[in-house]
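S.K.: Got a structure for you, written out below as structure tokens; questions coming shortly.
The values are calculated or read from the model by the stated rules, or taken from the named source; none is laboratory data. Everything quoted here is computed from the prediction, not taken from an experiment. Using ideal geometry, Cβ is built from the backbone for each residue, glycine included, and neighbour counts are taken over all protein chains shown.
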Amino acid sequence: MLRDVEIRTFTRLAVCLLAAAAFAFCPAAASAQSSDPIKIGYGISQTGGLAPNGKSALLAQQIWEEDINAKGGLLGRPVKLVYYDDQTNPATVPALYQKLLDIDKVDIVIGGYGTNLLAPAMPVVMQKKKMLIGLFGMAVNTEFNYSKYFSMIPLGPTPKSAMSKGFFEAAISQNPKPQTVAIVAADAEFPINGSEGARENIKAAGLKIVYDKRYPPATTDFAPIVRAIQAANPDIVAIFSYPPDSVGFVRAVNEIGYKPKMIGCGMVGLQATAIKTQLGPLLNGFVNYDFWLPIDKLNFPGVADFMKRYQGRATAAGVDVLGYYIAPWGYAQLQVLEQAIEATKTLDDDKLSDYIRASTFKTLVGDVTFGAQGEWAEARVLQVQFQNIKGNDVGQFRDISTQVVITPVQYKSGEIIYPYEKAK
């Protein structure tokens, strides 16, 4: 026979087991478990040269986070963005992604902003077999060829040449056709990739390169470079630069009074409202890439409402007050992830990757379909000329009357002023 102590012990054990079983089937317990957030981790520049665009993208991503949680989250769980400042420093990136995955235990990682910050994340992501949707990275996957990488940038299947294709198409359509080209690029991943693509387009256009050099990323005085280009006397000049350099080039060109027939192409930073208002009329005549502007042909469903909400918060948040360049893309990056999770009902990286490869996504920046190496199936790079800028008022950039889309033809909003000096 069981002794009283054994009976009491057995009874307590039985009660505990029954209680545990009841708790497991209790809706309240299930609800508590499902309230654990889905954590999405990434690095994003909040300091350093790419901070203006990184801050703009982050506000857009935070608006997405609020929107998705207001709708009940994903898979019945709230969503939480877990992000760190990569300081626009590629050397910080691997450790950030290791921390996100090993210590923060995020469910999903996405890419930060920019080629130079995405590339160093790739080895970590590949080692962990995670999916990655990058933001504005040029040809990041060319060397890695990783099946779970996707790129939110409209460069299409030939990303290196897509950046400058419209620039050279506009140039060779002029009469008389230009004959010679100068290429100048920062010695960093994005500018190098862009200049490689430019050489392909130059060869296809039958133009001659008379100057082709790189400069150190730490360069602050651009007058000697501009004078060297001027001495080579090219008809057109293709520049591939990051924001501080882009400002330096525009100022140097104006101070020296250099007037090639066409200049610009791949200058990061000239899309930023603060830089536009800072430079004002100095920008007149420059032709440069962009990815989205509020023209009728790019007024995709939801984007106008989003931009209104973003701009309503931008000043208080200390970010780009218009946000045309990157804000809708930061939101769209997470729309792709959102739609993939909702369709597959999973956070499994392999299943999400399979779905993204095979699907088309409705986003603020239009329909998105991914092709080879995770690039967009079709390119959509704008080349925009600054025209008739007077003073430094932000209003003239809000309605984009001073920014004329000259290529591609299906998004054209006006005619190029050529040669460059006629626009000054």
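S.K.: Considering only segment 336-420, give the strands (runs of 3 or more DSSP E) lying wholly within it that have at least 1 residues that are under 25 Å from Arg77 (Cβ atoms), not assigned by TED's automatic domain parsing to the domain that holds Leu283 and not β-branched (Val, Ile, Thr). Explain how you work it out, then say what you get.
M.R.: Working: elements: 360-363, 366-369, 382-386, 403-407.
Strands (runs of 3 or more DSSP E) meeting the threshold: 360-363.
S.K.: Across segment 93-130, which residue is farthest from Ala340 (Cα to Cα) among those that are surrounded by 17 or more Cβ atoms within 10 Å (Cβ to Cβ) and among the β-branched types (Val, Ile, Thr)?
M.R.: Per the criteria, the residue is Val93.
S.K.: A further question follows. Every residue in segment 245-278 that is surrounded by fewer than 24 Cβ atoms within 10 Å (Cβ to Cβ), touching a strand residue (DSSP E or B) at 6+ places or on another chain (Cβ under 9 Å) and among the polar types (S, T, N, Q), please.
M.R.: Residues satisfying the conditions do not exist here.
S.K.: OK, next. How many residues are more than 13 Å from Lys297 (Cβ to Cβ) and in contact (Cβ under 8 Å) with a residue 60 or more places away in the chain when one looks only at segment 408-420?
M.R.: Kept after step one, since they are more than 13 Å from Lys297 (Cβ to Cβ), are these residues of segment 408-420: 415-420.
From the residues that got through so far, the ones that are in contact (Cβ under 8 Å) with a residue 60 or more places away in the chain too are 416-420.
Residues in segment 408-420 being more than 13 Å from Lys297 (Cβ to Cβ) and in contact (Cβ under 8 Å) with a residue 60 or more places away in the chain: 5 in total.
S.K.: Of everything in segment 131-160 that's buried (at least 23 other Cβ atoms within 10 Å of the Cβ) and within 27 Å of Val226 (Cβ to Cβ), which residue is farthest from the chain's Cα centre (by Cα)?
M.R.: Met138
S.K.: Pick from segment 347-385 the residues that are in contact (Cβ under 8 Å) with a residue 60 or more places away in the chain and of a type in the set (Val, Ile, Thr): which of them is surrounded by the most Cβ atoms within 10 Å (Cβ to Cβ)?
M.R.: Val384
S.K.: Name the strands (runs of 3 or more DSSP E) wholly inside segment 224-311 in which the number of residues that are of a type in the set (D, E, K, R) and farther than 20 Å from Val210 by Cα is 1 or more. Outline the logic, then answer.
M.R.: Values: elements: 236-241, 262-267, 287-290.
Ranges flagged: 287-290.
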